[in-house]
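For reference, the structure is listed below as structure tokens.
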Amino acid sequence: GAVVSQHPSWVICKSGTSVKIECRSLDFQATTMFWYRQFPKQSLMLMATSNEGSKATYEQGVEKDKFLINHASLTLSTLTVTSAHPEDSSFYICSARDLSGGAYEQYFGPGTRLTVT
Amino acid sequence: GENVEQHPSTLSVQEGDSAVIKCTYSDSASNYFPWYKQELGKRPQLIIDIRSNVGEKKDQRIAVTLNKTAKHFSLHITETQPEDSAVYFCAAITAAGNKLTFGGGTRVLVKP
């Protein structure tokens, strides 16, 4: 149980274009999902907290107009990187909390590697 | 907000030896401390966690200890094997908060 999927697993896009990443909880409902960014050889940095049916809460320094987050259902959250630039190239990972289980456990998606050329 | 420091950043051990990774946290309200193992290009995987009402927890070759007074917790891996080679992250979360704060990671290399 507690499986989280992400799509796509990798994507290459041209500078200036937008790309959408999907995060799904497959076998549980997730009222809260999280989006992280991880640069090579670095830790996971939280970008935003996504709550179903409400606006996402962004961490300091993360541009909300550039990283659009939508959490339209209890099983799906999307991250859209708008006007992507090479410095946005990174590994993007989502996670979700399973409220039916422990209060704190988060389950991670497999990640999406974004390369902006 | 919470700040989690992790040491060492790299750790090389001989197969069969033990590995110890240490983390400190700043927010005394933190009460859940998971440890994740991440292989290259893959998702972090929860390997063990501990809650603030427990001082130690063990699962086969892996154990975690928590010292609330000192605000530090440690991961112990015994009888290391080459497949233990990965990056390990500690993290902390508060009861009131919603967010995991990660340590900087430890790259563990187990030499056969």
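The values are calculated or read from the model by the stated rules, or taken from the named source; none is laboratory data. Remember, predicted model here, so these are calculated numbers, not experimental data. Please note: Cβ atoms are built from the backbone with ideal geometry, for glycine as well, and neighbour counts cover all protein chains shown. Protein only, heavy atoms only, side chains kept; ligands, DNA and RNA dropped before computing areas. Shrake-Rupley method; radii C 1.70, N 1.55, O 1.52, S 1.80 Å.
Which GluC sites (Glu not before Pro) in segment B:31-91 pass both tests, a DSSP loop state and at most 13 other beta-carbon atoms within 10 Å? Before the final figure, lay out each step's value.
Values: sites: B:39, B:56, B:79, B:83; in loops: B:39, B:79.
When the GluC sites (Glu not before Pro) of segment B:31-91 are filtered for loop state and at most 13 Cβ neighbours within 10 Å, B:39, B:79 remain.
Could you give the size of the charge dipole of the protein assembly as shown about its Cα centre, using +1 on the Cβ of each K and R and -1 on the Cβ of each D and E, expressed in debye and rounded to the nearest 20?
Numbers: 23 positive and 22 negative charges, 48 e Å.
With Lys and Arg at +1 and Asp and Glu at -1, about 240 debye.
Computed FRET efficiency, Cβ-Cβ of residue A:18 and residue B:9, R0 35 Å: what is it to the nearest 0.05? Numbers along the way, then the final one.
On the way: r = 35 Å, r/R0 = 1.01.
Approximately 0.50, to the nearest 0.05.
Picking from A:69, A:48, A:80, whose Cα lies most toward the positive end of the charge dipole for chain A (charges on Cβ: Lys, Arg +1; Asp, Glu -1)?
Looking along the dipole axis, the top candidate is A:80.
Which lysines have a Cα lying under 17 Å from the Cα of residue B:58, excluding residues fewer than 8 positions away in the same chain?
Within reach: B:22, B:37.
Which whole number in µm²/s is D for segment A:23-105 by Stokes-Einstein, with the Kirkwood Rh taken over Cα pairs at 10 °C and 1.306 mPa s? Walk me through the intermediate numbers first.
Numbers: Rh = 13.3 Å.
The diffusion coefficient I find is 120 µm²/s.
How large is ³J(HN,Hα), in whole Hz, for each residue of segment A:73-82 in order, when computed from phi with the Karplus curve 6.51 cos²θ - 1.76 cosθ + 1.60 and θ = phi - 60°, using x for Gly and Pro?
Couplings: 9, 6, 10, 9, 10, 10, 10, 10, 8, 9 Hz.
Could you state how much accessible area is buried at the B-A interface, both sides summed, with a 1.4 Å probe, in Å² to the nearest 100? Write down the numbers at each step before the final one.
Numbers: alone 6480 and 6480 Å², together 11210 Å².
Summing both sides, the interface buries roughly 1800 Å².
With all protein chains present and a 1.4 Å probe, how do A:5, B:18, B:30 order by accessible area, largest first?
On the way: A:5 35, B:18 70, B:30 5 Å².
If we order A:5, B:18, B:30 from most to least accessible, we get B:18, A:5, B:30.
Of all accessible surface on the protein assembly as shown at a 1.4 Å probe, what whole percent is carbon and sulfur? Could the numbers behind the result be given before it?
On the way: 5590 of 11210 Å².
Answer for the protein assembly as shown is 50 percent, counting heavy atoms of protein chains only.
I'd like to check one number: the per residue accessible area of segment B:5-112, probe 1.4 Å, reported in Å² as a whole number. Intermediate values should be presented prior to the final figure.
On the way: 5350 Å² over 108 residues.
Dividing the accessible area of segment B:5-112 by its residue count gives 50 Å².
Give the calculated FRET efficiency between residue A:26 and residue A:82 to the nearest 0.05, with a Förster radius of 35 Å applied to their Cβ-Cβ distance. Show your work: numbers first, answer last.
On the way: r = 27 Å, r/R0 = 0.78.
Taking R0 as 35 Å, the efficiency between residue A:26 and residue A:82 is 0.80.
Excluding residues fewer than 8 places away in the same chain, name every one of the lysines whose C-alpha is closer than 17 Å to that of residue B:42.
Cross-link targets: A:41.
Wrap a convex hull around the Cα atoms of segment B:37-100, take a quarter of its surface area, and give that in square nanometres. Don't skip to the end; give the middle numbers.
Working: hull surface 20.8 nm².
Orientation-averaged projected area of the Cα hull: 5.2 nm².
Within 10 Å of each Cβ of A:104-111, how many other protein chain Cβ atoms are there on average? It would help to have the intermediate numbers written out before the result.
On the way: counts 12, 5, 9, 4, 7, 1, 3, 5.
Other-chain Cβ atoms within 10 Å of each residue's Cβ, averaged: 6.
Could you do me a favour and compute the accessible area per residue for chain A, 1.4 Å probe, result in Å²?
Working: 5620 Å² over 117 residues.
That works out to 48 Å² per residue.
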